[in-house]
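Asker: Here it is: the structure, laid out below.
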Amino acid sequence: MKKTGMLVLLLIVVAATGWWWSSRDKTAEPQYRTVTVDRGDVSARVSANGTLNPVTLVNVGTQVSGTVRRIEADFNQQVKAGQVLAELDPALFQAALAQSSANLANAQAQLALAEASAARMQTLFEQEYASRQELDQARAALAQAAAQVRVARAQVMRDQTNLGFTVIRSPVDGTVINRQVDVGQTVAASFQTPTLFQIGKDLTQMQIDSTVSEADIGQIEVGQPVKFRVDAFPDTEYRGLVRQVRLNAKTEQNVVTYNVVVNVANPDLALMPGMTANLQVLVETRPNVLRVPTAALRFRPQADPSAETVSTPRGVAVYRLVDGKPVRVAVKTGISDKAYTEIVAGELKPGDPVIVADLAGKKDSGSMPRGRLF
C-alpha cells in the first residue's frame, strides 16, 4: 500500500516538473510570425458604393389626359425613335377638332362676306354714294373677319396637335426598362406630366452613380481608373473610368457625400440598371517601391513600452527579428493599399524579416496574440 502511494506521488512530481519545464521553455523562447520586406507596386484606392444606371434614361409621358386604349411596347423591348408605344382614346380630341374645323369654316364665310362688303363700299365711295365713315367701317369689319379666321385656324392646329398627342411615340432608340400603365388605365396630365414608360437609350454604355465621402473626394479626379464588382457576378471584376465629380453635396445624418459618375462599358448587357456596385477608385500607383505588410505597422510586442502609448502615430515603426528578438526600427510611410504600405525612409532593406504576429502569445492565450494592435 505504501509502495503504491509513493509511486503515485512520484508520477505527480514528474508530471509537474515536465509541465514547469515546458512552460519555462515557451516563455524563454517566444516565436514570431514574420514576413519579408520586398519591393513591389503599391496602389492607393478610395472605396465607395453606387448604383448602375443607363447613361441616358428617358421618361416618356403624355401631354394630354385620357384612357389608355392600346399598348404597343412592353418590358425589355427594343424600340426605335418614332415607334408607337401606346395610344389614348382619341374620341374627345376628334370631337374638339371637328368643332374647331366648323368654327374655321364659319369664320372663313364671314371673311368672304366682309371682303365683298368692303369692295362694294369702295365702289360706292368712289361714286360719292357712300361716306368716308361707311367705308372705314367696312374696312374694319373686313380686318375683324380676317382676325377671326386666324383665331379659328390656330384652334384647329391646337386640336390637331392634341389629337396627335394621343399616340405616344418613343423619342429615342433604346430599351423599355419600365412600363407604368395598362390598357384601360386613365392618365391625367394636369400640373405634372405622368410617366408612362422609361427607356434606356443605350444599355451597352452604363454609368455608376456613386457616393464618396468628403474625406476622400479630394483624391478623386476625372479620368481615374475604377474597378468594381456586383453581387450578381461576385467573381467578375469590371472596369470603368471616372467621368464626372459633381459639386452638389448631399448631407445625411451630418455626413457629407458627393456624387461621382463612372463610365462603364457593357457590351454583353450583363450589367443591369439598378445593380449595386462596390467600387474602388485607383487614385495613385507607385511601382517597385520598398513595402511592408500593413500588419507589421500595427504589431507591438508585449515588452515594448511604446505598446502602452495609444497615441503612437500610424506607421511610426516596425519590428525586425534579430537573433530571435524583436528590434524596433523607425520608418516613414507613404501610400497604402491596406495590404501593403510604402516605406519612404527607415533602416529597412529588401529581405529583412519584420514581425506581424506573436505566435507564443497566441498559444498562451488560446486565441489572442500578445502583440497589441493600435
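Asker: Please work out the Cα center distance from region 168-192 to region 203-220, rounded to the nearest Å.
Answerer: What the calculation gives is 31 Å, centre to centre.
Asker: So how much slack lies between residue 211 and residue 172, counting 0.36 nm per residue of separation and subtracting their Cα-Cα distance, in nm?
Answerer: Residue separation times 0.36 nm, minus the Cα-Cα distance, leaves 11.1 nm.
Asker: Report Rg(Cα)/(2.2 N^0.38 Å) for region 136-206, keeping two decimals. Provide the component values of the computation, followed by the final result.
Answerer: Values: Rg = 21.3 Å, N = 71, 2.2 N^0.38 = 11.1 Å.
Ratio of Rg to 2.2 N^0.38 Å for region 136-206: 1.92.
Asker: Could you please state, rounded to a whole Å, how far the C-alpha centre of region 106-120 is from the C-alpha centre of region 235-268?
Answerer: Between the Cα centres of region 106-120 and region 235-268 lies a distance of 68 Å.
Asker: Would you please give the FRET efficiency between residue 69 and residue 246, computed as 1/(1 + (r/R0)^6) with r the Cβ-Cβ distance and R0 = 51 Å, to the nearest 0.05?
Answerer: Details: r = 42 Å, r/R0 = 0.81.
With R0 = 51 Å, the Cβ-Cβ based efficiency is 0.75.
Asker: For region 90-165, with only Lys/Arg (+1) and Asp/Glu (-1) charged at the beta-carbon, what is the dipole magnitude about the Cα centre, in debye rounded to 20? The partial results should precede the final answer.
Answerer: Numbers: 6 positive and 6 negative charges, 59 e Å.
For region 90-165, the charge dipole is close to 280 debye.
Asker: Here is a further query. Quote the FRET efficiency, to the nearest 0.05, computed for residue 253 versus residue 84 with a Förster distance R0 of 56 Å and r equal to the Cβ-Cβ distance. Could you put the intermediate results ahead of the total?
Answerer: On the way: r = 47 Å, r/R0 = 0.83.
With R0 = 56 Å, the Cβ-Cβ based efficiency is 0.75.
Asker: Looking at the P(r) of region 90-165, how many percent of alpha-carbon pairs lie beyond 20 Å? Before the final figure, lay out the partial values.
Answerer: Details: 1327 of 2850 pairs.
Of the Cα pairs, 47 percent sit more than 20 Å apart.
Asker: Could you sort out which of 250/338; 201/338; 80/227 sit more than 30 Å apart by Cα distance in this structure?
Answerer: On the way: 250/338 28 Å; 201/338 39 Å; 80/227 33 Å.
Those over the limit are 201/338; 80/227.
Asker: How much length would be gained if the chain were fully extended between residue 221 and residue 327, taking 0.36 nm per residue of separation minus their Cα-Cα distance, in nm to one decimal? Write down the numbers at each step before the final one.
Answerer: Numbers: separation 106, 0.36 × 106 = 38.16 nm, distance 4.11 nm.
Full extension of this stretch gives 34.0 nm more.
Asker: Give the relative contact order (percent, whole number) for region 108-170; include only Cα pairs under 8 Å separated by 6+ residues. Write down the numbers at each step before the final one.
Answerer: On the way: 27 pairs, mean separation 23.1, N = 63.
Computed over region 108-170, the figure is 37 percent.
Asker: Moving on. Per residue, how much space in cubic angstrom lies within the convex hull of the C-alpha atoms of region 36-151?
Answerer: Details: hull volume 34.4 nm³, N = 116.
Looking at region 36-151, the number lands at 296 Å³ per residue.
Asker: Sticking with this structure for a sec: Which FRET efficiency, nearest 0.05, do residue 133 and residue 160 yield, Cβ-Cβ r, R0 45 Å? Please list the in-between numbers first.
Answerer: Values: r = 41 Å, r/R0 = 0.91.
Efficiency, rounded to the nearest 0.05: 0.65.
Throughout, read-outs are computed from the coordinates displayed, never taken from laboratory work. Predicted model only: the values in this text are computed from it and were never measured. When we count neighbours, we look across all protein chains shown, and the Cβ atoms used for this are built from the backbone with ideal geometry, even at glycine.
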